[in-house]
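Taking it in order: structure first as structure tokens, then the write-up.
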Amino acid sequence: MALALAEAKAAGARGEVPVGAVLVDGADGRVLAQSGNRIVELNDPTAHAELLAIRAAAAWVGAARLVGADLYVTLEPCPMCAQAISFARLRRLYFGAYDPKGGGVEHGPRIFAQPTCHHRPEVIGGLGESEAARLLQDFFRARRG
């Protein structure tokens, strides 16, 4: 989670919402990909940290399914990212701060609980929650001026 938090800090420094994600091989802990949000930089509303990490890892591995991989992300994934996590067949999802407004795992549509969800990763929420939440709070407090 430390690497994901570093990616979140870098995203915040670029003016992006500070969310970071790291995808690792669940068997040996080797980092497959890591990213922070790049929505503003890329002018792409889908350039969430999770999606960028999944895309990079899939390209590097040469497979659309990343069975056995674990994702560490600083914020509860939104519904779009949760669905991508399911499609990628990730083994486990660790996330930091909960997102009651925009989350799609423990809040909102709860993607993995839907009967139409074909793959449900193991989910561990609240890992590094206080630091992840503080990054987000500080970012939005500074923007409100």
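Summing Lys, Arg as +1 and Asp, Glu as -1, what charge do residues with Cβ under 13 Å from the Cβ of E122 carry, E122 excluded?
Around E122, the charge tally is +3.
Looking at the stretch 18-114, which trypsin sites (Lys or Arg not before Pro) are in a loop (DSSP not H, G, I, E or B) and have at most 14 other Cβ atoms within 10 Å?
For trypsin sites (Lys or Arg not before Pro) across the stretch 18-114 that sit outside H, G, I, E and B with at most 14 neighbouring Cβ atoms in 10 Å, the list reads R30, R65, K101, R110.
At a probe size of 1.4 Å, how large is the accessible area of D25, to the nearest 10 Å²?
D25 has an accessible surface of roughly 40 Å² with all protein chains in place.
Once you order the gyration tensor axes a ≥ b ≥ c over the Cα atoms, which shape class does the stretch 1-74 get: rounded for a/c under 1.5, otherwise prolate or oblate by comparing a/b with b/c?
oblate
Rolling a 1.4 angstrom probe over the protein heavy atoms, how many square angstrom per residue are accessible across the chain?
Heavy-atom SASA per residue in the chain reads 49 Å².
Using only C-alpha positions, report the orientation-averaged shadow area of the convex hull of the chain, nm², one decimal.
8.1
Strictly greater than 16 Å: what percent of every Cα pair in the stretch 87-132 meets that?
41
In whole percent, and with a 1.4 Å probe on the protein chains, what portion of the accessible area of the chain is carbon and sulfur?
It is 55 percent, rounded to a whole number.
At 0.36 nm per residue, and after removing the present C-alpha to C-alpha distance, how many nm does the segment from A113 to R65 gain when stretched out fully?
Here the answer is 15.3 nm.
Please give me the summed charge of the neighbours of F140: other residues whose Cβ is under 14 Å from its Cβ, Lys and Arg +1, Asp and Glu -1.
Every neighbour counted, the sum reads +2.
State log₁₀ I(q)/I(0) for the stretch 39-85 at q = 0.21, 0.23, 0.26, 0.34 Å⁻¹ as given by the Debye formula over alpha-carbon point scatterers of equal weight, solvent excluded.
So the normalised log intensities are -0.76, -0.89, -1.07, -1.33.
Stokes-Einstein diffusion coefficient for the stretch 54-113 at 20 °C in a medium of 1.002 mPa s, Rh from the Kirkwood formula over Cα pairs: what value in µm²/s?
184
Build a GNM of the chain with springs between Cα atoms under 10 Å: which of A49, A82, A59 gets the top mean-square fluctuation?
Top of the fluctuation ranking is A59.
Hey, how many Å between the Cα centroid of the stretch 79-145 and the Cα centroid of the stretch 18-35?
Computed from Cα coordinates, the inter-centre distance equals 15 Å.
The values are calculated or read from the model by the stated rules, or taken from the named source; none is laboratory data. These figures come from a predicted structure and were not determined experimentally. Here Cβ is always computed from backbone atoms with ideal geometry, including for glycine, and neighbour counts include all displayed protein chains. Note: accessible area is taken over every heavy atom of the protein model, side chains too, but ligands, DNA and RNA are not part of it. Shrake-Rupley method; radii C 1.70, N 1.55, O 1.52, S 1.80 Å.
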